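Structure, as structure tokens:
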Amino acid sequence: MGGSLGYLWDLFVKEHKYNKKRQFNTVDLKIKMDCDGCELRIKKTLSNMKGVQNVEINRKQHKVTVSGFVEPQKVVKRAQSTGKRVEIWPYIPYNVVAHPYAPNTYDKRAPAGHVRNAEALAISNYVPRQEDHFATLFSDENPNACSVM
């Protein structure tokens with residue numbers, strides 16, 4: 001069928017497959033890099049992915065940030081193809097966590113000012129002791145603290 005009849009046939013009868021639009025994502029990865037060669041290989045591999053707009057590498061923290069219209073799992077798979085051990089960035093800033101010294105949150109290998117991102121269940125199981133309450137009564141960080149001391 002051709003012409004207008006074919007157009008109407010396609011319009012009403014054929015099923016249309018709509019392409020999903022990709023969302024702009026920023027994926028943070030933890031990849032151990034020792035030298036410039038490792039850094040260059042990872043940057044080159046991730047930059048060649050379809051949809052990637054920017055790749056930033058911080059070798060001191062072993063952190064790679066990939067920005068673009070990509071899916072996080074595909075970025076992880078592509079990074080693993082370099083032969084390095086890859087995981088999603090597990091750390092969050094220290095001041096975001098309510099109890100930074102709760103079990104499973106403090107990590108001595110974390111960069112300065114960061115703690116491990118523990119799930120909400122692990123933090124909700126942490127019950128503060130009564131001594132913690134008394135310790136914060138006279139703390140300099142507590143605005144309602146007693147100023148006698």
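The values are calculated or read from the model by the stated rules, or taken from the named source; none is laboratory data. Predicted model, so just to flag it, every value in this text is computed and none were measured. In case anyone asks, the SASA skips ligands and DNA or RNA and just uses the protein heavy atoms, side chains included. Shrake-Rupley method; radii C 1.70, N 1.55, O 1.52, S 1.80 Å.
Summary table below
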{"item": "Search result, residues across the stretch 1-43 that are closer than 16 Å to Val70 by Cα, open to solvent by 80 Å² or more (accessible area, probe 1.4 Å) and modelled with pLDDT of 90 or more", "result": "Phe24, Thr26, Lys43"}
{"item": "Complete set of residues in the stretch 68-97 that are of a type in the set (Asp, Glu) and open to solvent by 80 Å² or more (accessible area, probe 1.4 Å)", "result": "Glu71"}
{"item": "Thr65 being of a type in the set (S, T, N, Q), open to solvent by less than 100 Å² (accessible area, probe 1.4 Å) and part of a strand (DSSP E or B)", "result": "yes"}
